[in-house]
Amino acid sequence: MKTEKVQIIACGALAREIRSVIEANGLLHLAVTCLPAIWHNHPERIVPGVDNAIATARREGFSKIFVAYGDCGTGGALDRLLEHEQVDRLPGPHCYAFFAGTDRFAANAEEDMRAFFLTDFLARQFHAFVVKPLGLDRHPELRGLYFQHYEKLVYLAQSDDDTLDQAAREAATFLDLAYERRFTGYGDLTGSLLATAQI
């Protein structure tokens, strides 16, 4: 029996992890299109971008489409689009939730109310996605203003990588926050992709 191809429309910040799950599980019928990760700094771009990607996938003949995003700051607009298009997405409001596991993340909500989160991607890209967009490279004195309500930086680690751990520690020091590392692996991402792969 021929396996139908599935189009995954993904946030670029998840590209490495999604490709890892695909390779580890032989899910070669999953095709991945990644949209710019920097759109997280401009969430108004996510819904039009996903809408265009869905239209492209349908023109290309994909019978099944899955969106690898959380709500990601769209205020429910992404869910409204996906309900209209009858397309599923990853569970939870953002990647921190589905990497940690949505139930566990919700259970820790009170404890983590004043936490700033990093993933592997953000540990690698801290300067490009946090420091530079906030102008902290030019005006480091703004750190206290932007982060005055945070108490700790929590690194949700997808991998055991000493280099990334060090980068996350340095980010915490830069922001003058306490540091905590939690190994999550890929959390709910793997199960969601495996479920999507079933035709």
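A few points about this structure:
- First in region 35-57 and without any contact (Cβ under 8 Å) to a residue 40 or more places away in the chain and not assigned by TED's automatic domain parsing to the domain that holds Arg124, second anywhere and among the β-branched types (Val, Ile, Thr) and assigned to a helix (DSSP H, G or I), Cβ under 8 Å, 6 or more apart: Leu35/Ile46; Leu35/Val50; Trp39/Ile46
- Residues located in region 134-169, provided they are within 21 Å of the chain's Cα centre (by Cα) and over 25 Å from Ala100 (Cα atoms): Leu134
- Cβ pairs under 6 Å, 6+ apart, first in region 179-196 and assigned to a loop (DSSP other than H, G, I, E, B), second of a type in the set (A, V, I, L, M, F, W, C): Thr184/Phe99; Thr184/Ala100; Thr184/Leu156; Gly187/Phe98; Gly187/Phe99; Gly187/Ala100
- Positions within region 128-151 being small (Gly, Ala, Ser) and modelled with pLDDT under 95, in sequence order: Gly144
- Restricting attention to region 65-100, the residues that are touching a Gly at 6+ places or on another chain (Cβ under 8 Å) and among the hydrophobic types (A, V, I, L, M, F, W, C) add up to 6.
- Residue in region 118-130 that is in contact with a Phe, Trp or Tyr (Cβ under 9 Å, 6 or more places away or on another chain), assigned to a loop (DSSP other than H, G, I, E, B) and either of a type outside the set (Asp, Glu) or in the same structural domain as His29 (by TED's automatic domain parsing) (or both) present: yes
The values are calculated or read from the model by the stated rules, or taken from the named source; none is laboratory data. Keep in mind that what you see is a predicted model, and the values were worked out from it rather than measured. All Cβ positions, glycine included, derive from the backbone under ideal geometry; neighbour counts span all protein chains shown.
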